[in-house]
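To keep things clear, I will list the structure first and then write my remarks on it.
Nothing in this text is a laboratory measurement; each read-out follows from the coordinates by a stated rule. All of these numbers come straight from a predicted model, not from anything done at the bench. Glycine also receives a Cβ, built like all others from the backbone with ideal geometry; neighbour counts cover every protein chain displayed.
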Amino acid sequence: MKKIYLLLICSVFVLFAFKQHKIERTEVTLTKLWETDTLLKTSESVKYHPEKGIIYVSNIGGVPPGKKDGDGSISIIDKNGKIINQNWVTGIDAPKGLGFYKDHLFVPNIDEVIKIDIKTGTIVKKYPISGAVFLNDLDVDTNGDVYFTDSNGHKIFKLVNDEASLWMDLTGYGPNGILVEKNRILILSSNKGDFIAIDKKTKEISVLSTGVRGGDGIVAAKGGYILSAWQGGIFYVDENSKGSEAIKILDTKEQKLYTADISIVPEDNILLVPTFYGNSVIAYKINYK
């Protein structure tokens, strides 16, 4: 009887300890707020500028998205979805990911990176990238270092002090989405569906999540990350997921709405989604539980 009593006490203690250390996971849902007019031809990427309170959109124009046809552009919309300037910058071939540093906007354009003066809306410099095949997404570190992916070339490049170089070969990954953090680079694979972290110093790779085929964009969100899959899906990855499959929170395949390179308005918990062939940007309220 004494043994049974001790066993019961131990069981209660273990159960209590488990509950005390149980990992709280954030639940996320999306509610549509607005959609722009369908004038943004092949809208590929969006980027919210927190200081200006406006949103920049890269438009590929005619397809295929790797064609040097000069009909791509950058547009500006406001936080309510109104198109302020549809043709803010024109004459680009196929602009994709967007990234800011101080007074400049950096944009990958097939095999080069374009630097745009935000104040004047003019292209001030073009950086040809040797060996680039299909430059895609881009992000800028706090010190101004520009990282960008080559999805078809399976590489990550880095632009520092006007000099571009190969940062890492990712053969087989088809790297698309990129997010630069303090000590690591986050990458979303377009063909493997893996969401990975790469240590900046050691370049060691760890898998954060899986199951996002056609992976496109990454944004940091409360308790984790929101990812997009180009064919029409939005996913949430809890920061404590430890390699588990990403949770789908939106599926737009039936509506034939694509979900390309996303951005976030953090102060309002709004997710911005370019619809590619839908020629628009859709905003969703991010609901956390």
Going residue by residue through the stretch 199-214, the Karplus relation 6.51 cos²θ - 1.76 cosθ + 1.60 with θ = phi - 60° gives ³J(HN,Hα) values, rounded to whole Hz and with x marking Gly or Pro, of 5, 4, 8, 8, 6, 6, 9, 10, 8, 8, 6, 9, x, 10, 5, x
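Please compute the net charge surrounding Asn136, taking Lys and Arg as +1 and Asp and Glu as -1 over other residues with Cβ under 11 Å from its Cβ.
-3
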Taking the chain as a Gaussian network, where each spring joins two C-alpha atoms under 10 Å apart, which residue of Lys201, Lys222, Lys253 fluctuates the most?
Lys201
Quick one: what are the phi-derived ³J(HN,Hα) couplings along the stretch 78-93, Karplus 6.51/-1.76/1.60 with θ = phi - 60°, whole Hz, x for glycine and proline?
8, 6, 10, x, 7, 6, 7, 8, 5, 10, 4, 10, 10, x, 9, 6
Considering only C-alpha atoms, what is the centroid distance from the stretch 236-289 to the stretch 148-180, in Å?
23 Å
Model label zone, Tyr101; criterion: amide N under 12 Å from point 7 Å along Cα-to-beta-carbon; scope the stretch 121-141:
139-141
Given 0.36 nm per residue, what is the gain on full extension from His49 to Ser244 after removing their alpha carbon distance, in nm?
67.0 nm
Counting only C-alpha contacts under 8 Å and six or more residues apart, can you give the relative contact order of the chain as a whole percent?
17 percent
Once the Cβ-Cβ distance between Thr29 and Asp69 is put in as r, and R0 is 51 Å, what FRET efficiency do you end up with, to the nearest 0.05?
0.85
Simple spin-label estimate for Val207/Asn183, 7 Å along Cα→Cβ, in nm, reads 2.3 nm
What residues have an amide H closer than 5 Å to that of Ser209, excluding those fewer than 5 places away on the same chain, when H is modeled at 1.01 Å from N in the peptide plane?
Phe195, Gly243
The answer for the longest stretch of the chain without any exposed GluC sites (Glu not before Pro) (DSSP loop, at most 11 further Cβ atoms within 10 Å) is 52-203
What helix-only [θ] at 222 nm does the chain give? Using -39500 (n - 2.57) per DSSP H run of at least 4, over all residues, to the nearest 500, the answer is -2000 deg cm²/dmol
